[in-house]
Structure formats: C-alpha cells, structure tokens
Amino acid sequence: MTSTTQPTDPLYNPKMRPIIDKIIEDSIDLDGGLMVVLNNLQSKIGYLSAPMQEYVAEALSIPVSKVHGVVSFYSFFTTVPRGKHVIKFCIGTACYVGGINQLIDKAKQVIGIEPGQTTSDGMITLEICRCVGACSQAPVVVVDEVINGRVKSSKFEKIVQNVLKEEAAA
Amino acid sequence: MAYYRSTILVSMDPICIEKGAIQIKEQIIEELKLQKIQDEVEILDIPRIGDPETEGPDILVYPEGSHYIALTTESVRPLVVEHFIKGRELKQYSARMRDLMDEEVREPKEKEVRVILENIGKIDPRNIEDYIAVDGYQALAKVLTEMTPQEVIQTILDSKLRGRGGAGFPAGLKWKFAHQAPGSPKYMVCNADEGDPGAFMNRKVLEGDPHSVIEGMVIGAYAVGSNQGYVYCRAEYPIAVSTLNIAIKQAKEYGLLGKNIMGTDFTFDLEVRMGAGAFVCGEETALIASIEGSRGEPRVRPPFPATKGLWGKPTNINNVETYANVPKIIHRGLDWYTSLGSEKSKGTKTFALAGDVSHTGLIEVPFGMTLREIIFDIGGGIKGGKGYKAVQTGGPMGGCLPTKYLDLAVDYETLGAAGSIMGSGGMVVMDEDTCMVDIARFFMEFTQEESCGKCVPCRVGTRRILEILERICAGEGIPEDIPMLRSLCDEIKQDSLCGLGQGAPNPVVSTLTHFLDEYEAHIYEKRCPAKVCRNLISYHITDNCTGCTVCARNCPVSAITGERKLLHVIDQDVCIRCGICYQVCNFDAVEVN
Ligand SMILES: Cc1cc2nc3c(=O)[nH]c(=O)nc-3n(C[C@H](O)[C@H](O)[C@H](O)COP(=O)(O)O)c2cc1C
Ligand code: SF4
Ligand code: SF4
Ligand code: SF4
Ligand code: FES
C-alpha cells in the first residue's frame with residue numbers, strides 16, 4: 001500500500017468539492033462577495049486551506065494576495081482544521097469579571113491542552129473568543145455553538161463529559 | 001344543561017393558593033360577568049397544572065389549551081378581554097410565549113420605560129403578523145403615503161434622535177447629508193456589529209423584534225433616497241442573522257420590502273452581511289471596507305460615508321437601535337418622544353447590565369436617569385451584599401466611574417464629562433473585589449489585540465501600555481510607570497487614525513484618575529488591595545478546614561494535599577493562585593493574603 005504524503009485537502013475531496021463549488025457559484029455575482037464566500041466556506045467546510053484560498057481567488061478573479069490578506073485579518077477564519085468539537089471561552093468584560101480565567105485553568109487540567117490547541121486525537125479544540133453577547137449569564141463557555149451560561153468549575157467538568165459521552169454514543 | 005363554549009381550569013395547588021389563586025378565580029368570575037359571558041364559560045378547579053413555584057398561579061383555557069402562568073389579579077381583566085372577547089392569546093402571561101422571554105429581558109422594573117424593548121418576548125419575531133398586530137409598519141405606511149422625504153428628515157431632526165452606536169450624532173442630520181449628497185445609487189447600512197464586550201442589546205432587538213429595525217431602515221431609505229441596504233451583523237450572532245433573514249423574507253412577501261413597497265413606486269431591498277470576528281469593523285469606514293469584501297481597516301474621515309461610503313457612493317450608517325427608534329417616533333409623534341429623556345438627549349436608551357450586579361440583563365430607561373437608579377433601583381444593587389466599586393460604561397473605549405458619580409444623570413454629555421462614554425450601552429458593574437489596575441490591563445489587552453495595526457501610535461502605543469500594566473500587575477512596577485502611562489495615553493489619543501486608538505487610553509486614564517491609590521499599592525507596596533493580581537497574593541488554609549476534600553478535588557494543579565477529615569495544606573510552589581479553592585470551600589477555610 002502506498003501512503004500519500006500530502007494530506008487530503010477539502011478541495012480534492014469528492015464529497016466537499018461540490019459544496020465548495022456551490023458556495024462560490026451562489027455568491028460570485030454579489031458585490032463584495034469575497035467575504036460571503038469565505039464566511040460560508042468557513043462554516044460549511046470548517047477551515048480555509050491554502051489551496052481553497054487559491055481556488056476562490058481564481059474563481060472570483062481577484063489576486064491570491066488579497067484573499068490571504070482578508071483571511072488573515074479576521075479572527076473567525078482559520079487556515080487549519082479544528083477539532084471535532086470546539087470549546088470556546090468568552091473573555092469579554094462580563095465573563096472576565098465573572099471568573100472565566102479560573103475555568104480556563106480548569107480546562108487545561110481536565111483536557112490537558114492550552115487554548116488554541118487541539119487534542120492529539122483531533123476531538124477537542126480549546127479557543128478563547130470575544131463577548132458572545134450572553135453577558136448576563138457570565139461566565140460563558142460555548143460548546144459547538146451552544147452557549148452555556150453561569151459555568152462553575154464543576155459544571156464545566158459535566159460539559160466536557162457530555163461532549164465525550166455524545167462522542168462515545170455516536 | 002348549560003352549554004359552555006370555553007372551560008377555565010384553575011390550579012388549586014397549595015402554593016398557588018398561597019400566591020392568590022382563589023382571589024384570581026373570584027376576579028375571573030367578576031370579569032366574566034362584567035363582559036356578560038359568565039354563562040358561556042365554565043370554571044373548574046384542578047389540583048395542579050404547571051410548576052406552582054415558577055408558574056403559579058396558573059390556569060388552562062380550553063378548547064384552545066392556552067396555559068396562562070404567573071397570574072396576578074391585575075392580569076385578569078386584560079386576559080378576559082383578550083382571550084374571550086378579542087379571541088387572541090394574551091402573550092405576556094402565555095406559557096408558550098413566555099418561552100420566548102428569558103432572563104435576559106425580564107419584566108420591566110418600576111423606573112424603566114420600554115420603547116425599544118417593548119415587544120421583545122411579547123411577539124413572535126418569526127411571524128410578521130405579530131409585529132403588524134402591534135401597529136407595526138403603520139409608520140411606514142404614513143411615511144410613504146403622507147410625507148415627503150424632506151418632511152421625514154425634518155421629523156427626525158425635530159425628534160433630536162441621536163445615534164445609539166456610540167457617538168450620539170443627530171440621526172436627522174446624517175440623513176440630511178446623505179439625502180443632499182450628489183451621486184447614485186445611495187446605500188443604507190445598519191451597524192449590527194455590536195463588538196463591545198458586555199453589550200448585547202442590539203442582538204436582543206434583532207432576535208426579538210427584527211421588523212422594527214427593518215421598518216426604520218425602509219423609512220430612512222425613503223428619506224435618503226436609497227434603494228439598497230445592508231445589515232452588517234457580527235458572526236458571533238448566528239441566531240440574530242437567521243431571524244433577520246426570515247423577517248426580510250416575510251417583509252418581501254408582504255410587499256414591505258422590494259419593488260413597489262405598499263403599492264407606491266418606492267423600491268428598497270435589504271441584505272444581511274456577516275462579519276468575521278474583528279472588533280474594529282464596528283467603526284463605520286472599516287465596516288464599509290468589510291462589506292466591500294476587504295480587510296476591515298478604517299480610513300481617514302472626511303470624506304464621511306454620507307458623501308463617499310460603500311463603493312464610493314453616498315451611504316447612511318446607523319446603529320440597530322437608532323433605526324428601531326424611527327417607526328416609534330413617526331407613529332407616536334414628536335410630542336410623545338421629546339417628552340422622554342434629558343434636555344440634550346431625547347428618548348430612551350437600552351443598557352446591558354452585567355458583572356457584579358444582582359439583576360443582570362437588558363433594561364431600558366429614559367436619558368437622564370442616574371447611575372444609582374439604574375444600578376441599585378433597577379439592577380438590585382451589588383450581588384452578594386458586597387460594596388460597589390465602579391461601573392464601566394462604553395466598552396473598551398469607555399471609562400470606570402467610582403462611587404462619587406453614582407448620582408450622575410446619564411446622557412452623552414454627562415458621561416463624556418466624567419471621563420467615560422455612552423458607547424453602545426454596556427454597563428459592567430464591579431464590586432469591591434475588583435482590581436482596577438487589572439481591569440485597565442484587561443481592556444488594554446483587548447484593544448491591543450483588536451488594533452488593526454494600520455497606524456503606529458495605536459499599534460505600538462497600546463502594546464507599550466499593556467507591557468507596563470502587565471509589569472505593575474506582576475509586582476514589578478516602578479514609580480516612573482505612572483507618568484509614562486499618562487504620556488503614552490496622550491499620544492495615542494492625539495495621533496491615532498480611528499476611534500479605536502483615540503479611545504483606547506480611556507480605561508487607563510479613568511482608572512489612573514479615580515483609583516491612583518491602587519496603582520500605587522501595586523508599585524510601592526507590591527500589594528494588590530483587591531487581592532486579584534496573582535503574583536501579589538497567596539492562598540492559605542486556616543483551622544476552619546473540616547477536611548472535606550472539596551478544594552483538593554477542584555484544584556487544577558493538584559496543589560492541595562490532606563487526608564479526609566484532616567486539615568488540608570496548599571503547596572505554594574505548585575499553586576497557580578487561581579482562587580478556585582477559595583471559591584469552592586463551604587467552610588470559609590481558605591484565605592487570601
Ligand atoms: C472601534 C469602533 C467600534 C465601533 N463599534 C460599533 C458597533 O459595534 N456598533 C455601532 O453601532 N457603532 C459602532 N461604532 C460607531 C460607528 O463608527 C458609527 O459611529 C455608528 O455606527 C453610527 O451609527 P449611529 O449614528 O446610529 O450611532 C464603533 C466605532 C469605533 C471607533
Ligand atoms: S487607530 Fe488603531 S484600529 Fe484605528 S486605524 Fe489606527 S491602528 Fe487601526
Ligand atoms: S474545601 Fe475548605 S473545608 Fe474542605 S478541605 Fe478544602 S479548605 Fe478544608
Ligand atoms: S488557588 Fe488554585 S491552584 Fe492554588 S491551591 Fe487553590 S485551587 Fe489550587
Ligand atoms: S462578556 Fe462574555 S458573553 Fe459578553
């Protein structure tokens with residue numbers, strides 16, 4: 001058996017390619033369509049690889065450097081895949097006052113990685129984010145887009161267990 | 001045997017009775033008689049319906065199956081009238097509709113005046129007919145059939161409506177500039193970027209009453225002469241985006257957006273565009289660049305967007321809440337609107353109360369209310385009976401106001417004069433356990449990370465301030481740091497290109513002004529008075545310890561050892577001073593030094 005040295009890029013993945021093409025096709029005629037395309041790719045594919053960026057540049061007839069420039073400017077755009085589950089800690093003012101740092105310490109202990117890292121099995125990514133607008137429930141932890149409010153360190157452990165349990169059940 | 005068209009079941013759970021179920025039942029009988037329908041409606045007692053603690057006293061009405069909860073005797077009359085006479089569910093008390101209402105927007109407190117938040121939780125945001133039923137789109141009808149664009153602009157000018165996005169610029173004037181600006185097409189933009197951490201009123205309006213914003217934008221578009229609009233919403237608000245998209249679709253179906261609105265020859269289309277996590281994109285020129293599909297970097301103004309905005313064309317940008325005010329002003333009239341608020345700031349303002357305050361959530365008050373009324377009367381004061389230290393208004397470019405400003409009547413001018421800003425309406429309340437140097441450091445970290453890097457004073461200056469603050473918090477501050485901070489703040493304020501850099505020093509300047517003693521304690525005594533800065537404190541376990549092991553199990557670095565039922569000990573070399581043990585101990589056995 002031969003192993004490929006190149007990891008498969010979504011662009012060359014037969015399941016994902018049509019999704020990518022559809023997203024581009026839908027927005028190609030929009031004014032300012034680049035942001036729309038990148039946002040949709042980020043949310044449907046999960047990240048914006050270098051080949052994907054080049055592909056978008058060509059499709060929209062704009063320089064690759066401009067696409068890189070836009071991708072690197074916005075914090076929502078990532079260029080490497082994240083873990084299957086993303087746990088985000090809000091470090092907005094209300095959550096900071098509400099003790100989010102203690103939860104981050106707790107997470108480092110429970111999961112064994114720092115924010116910005118992904119577990120070696122590719123299961124969980126820890127991230128920090130800005131105010132998600134749920135400040136009255138501070139401190140807030142977002143798990144795969146679901147907002148968990150008033151998280152204490154014991155509740156946090158439960159949240160992580162739930163993620164793992166769901167995964168085991170799936 | 002009598003024929004009843006409806007049946008009311010009243011919960012007679014002991015807790016409901018204690019909360020007045022019997023009086024409510026009697027009141028219902030009275031009201032039914034008053035409406036002369038006592039023979040059509042049957043009333044029965046049942047043991048229990050919903051959770052009496054949270055929902056009692058409650059009733060169930062058949063055949064509709066409507067569950068009305070948390071009733072009061074005052075609620076009975078409107079309930080009977082709405083449900084039995086007008087034949088529609090009374091939303092405030094309906095359990096089904098209550099699901100839409102949540103702890104983020106509670107029932108208004110006595111001193112509140114709800115204009116912008118009025119419909120939130122009371123109408124179904126995904127059903128345009130709910131909005132129409134509360135007089136929605138009537139203002140638009142009036143504008144399109146009875147008013148010229150000039151008259152609309154004059155009305156908004158006379159209302160003295162000021163932009164709610166931060167700067168408080170008169171909305172009517174902005175519309176006038178955009179109206180007069182040569183060039184076409186013209187664009188209407190709604191700023192829904194709401195980046196201030198601690199603020200979420202725009203999200204709530206978009207999620208709970210999206211049509212009020214759409215209606216305001218269409219009216220504005222008619223006044224300015226625009227046929228295309230964009231709502232720029234931050235990516236952190238996916239529910240707001242989807243709700244808005246549904247609302248836009250329905251408005252199109254009802255002929256309230258798109259071609260020939262309400263049968264006139266006025267055409268206006270609206271699209272939602274999403275940000276991607278850059279705070280600076282809330283600044284109007286950066287926002288425009290972002291919609292255009294570029295990096296969201298601000299540019300020098302003038303030219304202002306009113307003359308040269310989106311794709312170089314005249315563009316009007318207002319905040320979500322600014323637009324949401326417009327239909328109310330037109331529909332209810334200038335006299336009503338200008339009767340609310342202070343001399344220079346008319347109407348109401350929504351605020352997001354967060355931090356160490358008892359009732360967090362959204363509130364709405366007329367301009368001119370004092371901070372004390374807002375934080376103590378409406379917000380219920382400081383959580384856990386602690387002392388008040390400061391309130392931070394205006395987000396990362398705002399300031400911290402100590403006790404002596406509690407009687408300040410809040411509007412754009414007064415907050416500015418006190419060294420803070422209105423911003424978009426975030427209010428983070430801080431109790432005595434908050435370290436103000438740490439808070440200044442926190443905000444500087446925010447602005448430093450969010451600086452787009454285009455101009456040097458902001459990019460380099462925020463970095464240097466942050467370094468100094470980090471040193472002070474770590475107990476390595478030197479006396480020269482304070483004058484150095486002051487001069488750096490001056491420079492950044494003076495020389496930065498956009499509002500982010502110009503406002504970035506505010507949290508530092510305001511804490512230096514009001515809490516200099518805390519800076520000095522860190523620098524001269526290597527002491528953090530609020531016991532927050534990790535390098536300057538240590539945790540110890542006292543004799544109160546019962547050996548319950550809770551702290552040891554929760555310590556993230558396993559710094560605590562001890563046998564069950566015996567005194568526990570913290571290994572200071574391992575401890576990272578996170579404070580979790582202090583928080584979880586139920587016996588007050590952990591102390592901070
Ligand atoms: C760094 C920065 C961030 C801003 N963020 C927002 C925001 O999130 N929402 C907003 O409405 N205005 C924001 N503004 C103000 C806008 O530039 C602009 O003044 C506002 O959208 C105008 O609308 P208004 O007149 O209705 O307030 C921000 C300004 C700066 C300098
Ligand atoms: S002041 Fe800061 S955020 Fe504004 S343009 Fe300059 S570097 Fe960018
Ligand atoms: S939680 Fe408190 S009482 Fe329990 S072991 Fe720790 S210090 Fe002792
Ligand atoms: S402060 Fe944190 S690290 Fe230190 S002993 Fe307590 S729980 Fe452990
Ligand atoms: S500060 Fe965390 S949700 Fe707003």
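The values are calculated or read from the model by the stated rules, or taken from the named source; none is laboratory data. All of these numbers come straight from a predicted model, not from anything done at the bench. Quick reminder, even Gly has a Cβ in these numbers, built from the backbone with ideal geometry, and neighbours come from all protein chains shown.
The set of residues in region B:569-584 that are part of a loop (DSSP other than H, G, I, E, B) and either closer than 20 Å to A:VAL97 by Cα or near ligand 4 (Cβ under 9 Å from one of its atoms) (or both) comprises B:ASP571, B:GLN572, B:VAL574, B:CYS575, B:ILE576, B:ARG577, B:CYS578, B:GLY579. Is it the case that region B:149-163 has a residue that's modelled with pLDDT under 95 and either away from ligand 1 (no atom under 12 Å from the Cβ) or touching a Ser or Thr at 6+ places or on another chain (Cβ under 8 Å) (or both)? No, there is no match, as no residue in region B:149-163 is modelled with pLDDT under 95 and either away from ligand 1 (no atom under 12 Å from the Cβ) or touching a Ser or Thr at 6+ places or on another chain (Cβ under 8 Å) (or both). When residues in region B:161-207 are screened for being in a helix (DSSP H, G or I), away from ligand 5 (no atom under 16 Å from the Cβ) and without any contact (Cβ under 8 Å) to a residue 60 or more places away in the chain, 5 of them pass.
Quick check: anything in region B:537-546 out of contact with any Pro (no Cβ under 6 Å at 6 or more places or on another chain), in contact (Cβ under 8 Å) with a residue 60 or more places away in the chain and not small (Gly, Ala, Ser)? Looking through region B:537-546, none of the residues is out of contact with any Pro (no Cβ under 6 Å at 6 or more places or on another chain), in contact (Cβ under 8 Å) with a residue 60 or more places away in the chain and not small (Gly, Ala, Ser). Of all residue pairs spaced 6 or more apart or on separate chains, none has beta-carbon atoms under 9 Å together with a first member in region B:139-156 that is among the aromatic types (Phe, Trp, Tyr) and a second member that is crowded, with 19+ Cβ neighbours inside 10 Å and in a helix (DSSP H, G or I). When A:VAL86, A:VAL97 are checked against the criterion of being at pLDDT below 90 and either within 7 Å of another protein chain (Cβ to nearest Cβ) or closer than 20 Å to A:MET123 by Cα (or both), A:VAL97 stands alone in meeting it.
Search region A:6-41 for residues being charged (D, E, K, R) and away from chain B (no Cβ under 14 Å), and hand back the single one that is farthest from the chain's Cα centre (by Cα). Result: A:GLU25.
Would you pick out the residues in region B:23-39 that are part of a loop (DSSP other than H, G, I, E, B) and surrounded by 15 or more Cβ atoms within 10 Å (Cβ to Cβ)? Scanning region B:23-39 gives B:GLN35, B:ILE37, B:GLN38. For region B:524-568, the candidate set comprises residues that are touching a Leu at 6+ places or on another chain (Cβ under 6 Å) and within 14 Å of ligand 3 (Cβ to nearest atom); within that set, the residue that is farthest from A:VAL110 (Cα to Cα) is B:CYS545. When the criteria are applied in full, B:ARG577 meets the requirement of being charged (D, E, K, R), within 16 Å of ligand 3 (Cβ to nearest atom), within 14 Å of chain A (Cβ to nearest Cβ) and crowded, with 17+ Cβ neighbours inside 10 Å. Which of the residues spanning region B:445-460 are touching an Asp or Glu at 6+ places or on another chain (Cβ under 9 Å) and either part of a helix (DSSP H, G or I) or within 12 Å of chain A (Cβ to nearest Cβ) (or both)? B:GLU445, B:CYS452, B:GLY453, B:LYS454, B:VAL456, B:PRO457, B:CYS458 - these are the residues of region B:445-460 that are touching an Asp or Glu at 6+ places or on another chain (Cβ under 9 Å) and either part of a helix (DSSP H, G or I) or within 12 Å of chain A (Cβ to nearest Cβ) (or both).
Considering the conditions (1) assigned by TED's automatic domain parsing to the domain that holds A:ILE147; (2) under 16 Å from the mean Cα position of the chain (by Cα); (3) of a type in the set (Phe, Trp, Tyr), A:TYR47 is excluded by exactly one of them, (1). Name the single residue, out of those in region B:260-303 being among the aromatic types (Phe, Trp, Tyr) and away from ligand 2 (no atom under 16 Å from the Cβ), that is nearest to the other protein chains (Cβ to nearest Cβ). Applying the filter and picking the extreme gives B:PHE268. Would you confirm whether or not region A:121-135 contains a residue that is within 14 Å of chain B (Cβ to nearest Cβ), away from ligand 1 (no atom under 16 Å from the Cβ), over 21 Å from B:VAL532 (Cα atoms) and part of a loop (DSSP other than H, G, I, E, B)? Yes; the residues of region A:121-135 include at least one that is within 14 Å of chain B (Cβ to nearest Cβ), away from ligand 1 (no atom under 16 Å from the Cβ), over 21 Å from B:VAL532 (Cα atoms) and part of a loop (DSSP other than H, G, I, E, B). One residue stands out in region B:432-456 among those that are out of contact with any helix residue (DSSP H, G or I) (no Cβ under 7 Å at 6 or more places or on another chain) and closer than 17 Å to B:GLY381 by Cβ: the one that is surrounded by the fewest Cβ atoms within 10 Å (Cβ to Cβ), namely B:GLU432.
Just one of the numbered conditions (1) assigned to a loop (DSSP other than H, G, I, E, B); (2) in contact (Cβ under 8 Å) with a residue 40 or more places away in the chain is not true of B:VAL81: (1).
Applying the criterion of being of a type in the set (Gly, Ala, Ser) and in contact with a Gly (Cβ under 9 Å, 6 or more places away or on another chain) to the residues of region B:145-167, the residue that is nearest to B:ASN325 (Cα to Cα) is B:SER159. Tell me, please, whether a residue that is among the acidic types (Asp, Glu), part of a strand (DSSP E or B) and over 30 Å from B:ILE363 (Cα atoms) can be found in region B:60-70. Taking every residue of region B:60-70 in turn, none turns out to be among the acidic types (Asp, Glu), part of a strand (DSSP E or B) and over 30 Å from B:ILE363 (Cα atoms).
Does any residue of region B:450-472 turn out to be of a type in the set (S, T, N, Q) and touching a strand residue (DSSP E or B) at 6+ places or on another chain (Cβ under 8 Å)? There is no residue in region B:450-472 that is of a type in the set (S, T, N, Q) and touching a strand residue (DSSP E or B) at 6+ places or on another chain (Cβ under 8 Å). If you go through region A:120-148 and keep only what is under 14 Å from the mean Cα position of the chain (by Cα) and farther than 24 Å from B:ASP193 by Cα, you end up with A:GLY122, A:MET123, A:ILE124, A:THR125, A:LEU126. Of all the residues in region B:381-412, those that are within 17 Å of the chain's Cα centre (by Cα) and more than 27 Å from B:GLU445 (Cα to Cα) number 2.
Only one of the numbered conditions (1) facing chain A (nearest Cβ under 10 Å); (2) closer than 27 Å to B:ALA139 by Cα is not met by B:LYS252, and that is (1). Could we say that A:LYS15 is farther than 30 Å from B:THR360 by Cα, at pLDDT 95 or above and exposed (fewer than 14 other Cβ atoms within 10 Å of the Cβ) here? Considered against the rule, which asks whether it is farther than 30 Å from B:THR360 by Cα, at pLDDT 95 or above and exposed (fewer than 14 other Cβ atoms within 10 Å of the Cβ), A:LYS15 comes out as no.
Meeting the requirement of 1 or more residues that are surrounded by fewer than 23 Cβ atoms within 10 Å (Cβ to Cβ) and at pLDDT 95 or above, the strands (runs of 3 or more DSSP E) wholly within region B:208-321 are B:228-233, B:269-274. Exactly one residue out of B:VAL105, B:VAL134, B:VAL115 is closer than 30 Å to B:ARG203 by Cβ and within 14 Å of chain A (Cβ to nearest Cβ): that is B:VAL105. Is it the case that B:ASP158 is within 16 Å of ligand 2 (Cβ to nearest atom), touching a helix residue (DSSP H, G or I) at 6+ places or on another chain (Cβ under 9 Å) and outside any strand (DSSP E or B)? Against the criterion (within 16 Å of ligand 2 (Cβ to nearest atom), touching a helix residue (DSSP H, G or I) at 6+ places or on another chain (Cβ under 9 Å) and outside any strand (DSSP E or B)), B:ASP158 does not qualify. In summary, A:LYS106 fulfils each of the numbered conditions (1) among the charged types (D, E, K, R); (2) more than 13 Å from every other protein chain (Cβ to nearest Cβ); (3) in a helix (DSSP H, G or I) with the single exception of condition (2).
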